1. Pairs please, first residue from region 82-110 and within 11 Å of the ligand (Cβ to nearest atom), second anywhere and outside any loop (DSSP other than H, G, I, E, B) and among the acidic types (Asp, Glu), Cβ atoms under 6 Å, 6+ apart in sequence or on different chains.
2. So which residues in region 111-123 are outside any strand (DSSP E or B), near the ligand (Cβ under 10 Å from one of its atoms) and in contact with a strand residue (DSSP E or B) (Cβ under 8 Å, 6 or more places away or on another chain), if there are any at all?
3. Of all residues in region 62-81 being outside any loop (DSSP other than H, G, I, E, B) and touching a residue at least 24 places away in the same chain (Cβ under 8 Å), which is farthest from the ligand (Cβ to nearest atom)?
4. Ile127 - would you say it is of a type in the set (Val, Ile, Thr) and surrounded by 16 or more Cβ atoms within 10 Å (Cβ to Cβ)?
Amino acid sequence: MSGSIDNKHALNYNVLMKMSTRKLILILAAATVICLAVYFAYVLLAPKGATAVIYIDGEEYKRIDLSTAGKPYEITIETEFGSNTVLVEPGAISVSSADCPDKICVHQGRLTHAGVPIICMPHRIVIQIEGDKVDAWS
Ligand SMILES: [Zn+2]
């Protein structure tokens, strides 16, 4: 019994086997090194000069230089919409607690890079990290 499905699999397998195991290991090793390099560049370099900006109802409320943040500390933002506790850590910012109904801002976790901001829709709070990453993407 020689089904066409089995033949297709056999073909892929043969293509893979044409590469020597040594070559495969080299490719995998190179891929791992590149992944690690990108990861470390992302983690180590990005917080340098990173500035978190907190907006309330579209207005800039506070700018925090995360690169100079020493020990983690918390800021409580009280507005007419509600209360959010923002945790500032070196190179990271997060909402540690909030009294909004959805808690999406809390669940978004730590923000360490420019990109997707933390948004608390019910409290009209947006927390963003400014950085050169955004410029590189645009
Ligand atoms: Zn929220």
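1. Pairs that qualify, where the first residue is within 11 Å of the ligand (Cβ to nearest atom) and the partner is outside any loop (DSSP other than H, G, I, E, B) and among the acidic types (Asp, Glu), are Thr85/Glu74.
2. If the condition is that a residue be outside any strand (DSSP E or B), near the ligand (Cβ under 10 Å from one of its atoms) and in contact with a strand residue (DSSP E or B) (Cβ under 8 Å, 6 or more places away or on another chain), then His123 is the only one that fits.
3. Per the criteria, the residue is Ile64.
4. Details: of a type in the set (Val, Ile, Thr): yes; surrounded by 16 or more Cβ atoms within 10 Å (Cβ to Cβ): yes.
Against the criterion (of a type in the set (Val, Ile, Thr) and surrounded by 16 or more Cβ atoms within 10 Å (Cβ to Cβ)), Ile127 qualifies.
Here, each number is a calculation from the coordinates, and none is a lab measurement. None of these values were measured; they are calculated from a predicted model. All Cβ positions, glycine included, derive from the backbone under ideal geometry; neighbour counts span all protein chains shown.
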